[in-house]
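Asker: For reference, the structure I am asking about is given below.
The values are calculated or read from the model by the stated rules, or taken from the named source; none is laboratory data. From a predicted model like this one, the values you see are computed outputs, not experimental measurements. Here the Cβ is made from the backbone with ideal geometry for all residues, glycine too, and neighbour counts use every protein chain on show.
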Amino acid sequence: MAESKDTLPADVAALSFEDALRELEAIVQQLERGQVKLDEAIACYERGALLKRHCEARLAEAKAKVEKIVLVAGGGVATESAGMG
C-alpha cells in the first residue's frame, strides 16, 4: 500500500492545521526527551515529516486565500476564490 510522494495518508490529510501542529509538537517533545527506542523514534520522525508537510500545505492555502482578498469600490473588501479545494 505504498503512497505516492505527494499523497498524505488519509488520517493526516483529515487533520485540521491546529490538530496536526499539536501532534507534531508532541512528537518533537517525545524525540527531544530521547527516551524512545530507535525503531519508535524513526516511526515518530516519519509521522512528524508527514505532519510538517500537511501543516505547510495548510499554511500555503491560507496565504493564497489572504492574498486573494481585494479592495472593491467604496473601500470595502471582497475575496476571490484562490482555486484551491
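Asker: Taking the range 1-60, which residues are touching a residue at least 12 places away in the same chain (Cβ under 8 Å) and β-branched (Val, Ile, Thr)?
Answerer: Within the range 1-60, VAL12, ILE27, VAL28 meet the criteria.
Asker: From the list ALA20, ALA13, ALA43, ALA49, pick out the single residue that is over 15 Å from the mean Cα position of the chain (by Cα) and small (Gly, Ala, Ser). Give the derivation first.
Answerer: Details: ALA20 fails: over 15 Å from the mean Cα position of the chain (by Cα); ALA13 fails: over 15 Å from the mean Cα position of the chain (by Cα); ALA49 fails: over 15 Å from the mean Cα position of the chain (by Cα).
Sole residue among the options that is over 15 Å from the mean Cα position of the chain (by Cα) and small (Gly, Ala, Ser): ALA43.
Asker: Under the condition of being part of a loop (DSSP other than H, G, I, E, B) and exposed (fewer than 12 other Cβ atoms within 10 Å of the Cβ), which residue from the range 5-64 is modelled with the lowest pLDDT? Give the derivation first.
Answerer: Here is the first cut: in the range 5-64, the residues part of a loop (DSSP other than H, G, I, E, B) are 5-9, 14-16, 34-37.
Subset that is exposed (fewer than 12 other Cβ atoms within 10 Å of the Cβ): 5-7, 14, 16, 34-35, 37.
Numbers: LYS5: 61, ASP6: 73, THR7: 90, ALA14: 98, SER16: 98, GLY34: 94, GLN35: 90, LYS37: 97.
Filtering first and then ranking leaves LYS5.
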